[in-house]
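All remarks here apply to the structure that follows.
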Amino acid sequence: MNLLQFALENWVLIVVALASGALLLWPSLSKHGGAAAVGTSEAVRLINREKAVLIDVSEPEEFAQGHAAGARNVPLKALQGAKELPSNKQLPLVLMCSTGARAARAAGELRKAGHQRAIALSGGLKAWREANLPLEKSAA
């Protein structure tokens, strides 16, 4: 049996194998478009090596109760035109909130506004806490 004959007789299996491979690769290939997210170790690497700015999009009350050390608070609803955002749109922005859901929305909005390196922290503050990374509270 030659390769062509095998392919003709088993075309369904080949299509299924290719489709499943594409579906497995899709998340890693689409990471830099769509709703990009990074884990805590990659976020720390971006902060330390690429001078990423950590932006917490939680409401001020949530932010005051506890946030990642060094994070700037820019609530999601106040994101457009916020003065706390860096003017250099080439800097990476790591966005976070309590769970990561609002941060993913904020990352999408900021990429549309020209901050091409805006990325959400997967798992949000919960993941930051679980990684034993530094936290601080705002003065009451």
Failed item in (1) surrounded by 10 or more Cβ atoms within 10 Å (Cβ to Cβ); (2) among the polar types (S, T, N, Q); (3) modelled with pLDDT of 85 or more, with Ser30 passing the rest
(3)
Residue check: is Ser58 polar (S, T, N, Q) and surrounded by 16 or more Cβ atoms within 10 Å (Cβ to Cβ)?
yes
What's the total number of residues in the range 78-107 that are surrounded by fewer than 16 Cβ atoms within 10 Å (Cβ to Cβ) and not in a loop (DSSP other than H, G, I, E, B)?
2
Just wondering, is there one or more residues in the range 119-132 that are in a loop (DSSP other than H, G, I, E, B) and either among the charged types (D, E, K, R) or farther than 22 Å from Gly66 by Cβ (or both)?
no
Return the residues of the range 85-111 that are within 16 Å of Lys51 (Cβ to Cβ) and of a type in the set (D, E, K, R); say none if nothing qualifies.
Lys89
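The values are calculated or read from the model by the stated rules, or taken from the named source; none is laboratory data. Please read all numbers here as calculations on a predicted model, not as lab measurements. Cβ: placed from backbone, ideal geometry, glycine included. Neighbour counts: every protein chain shown.
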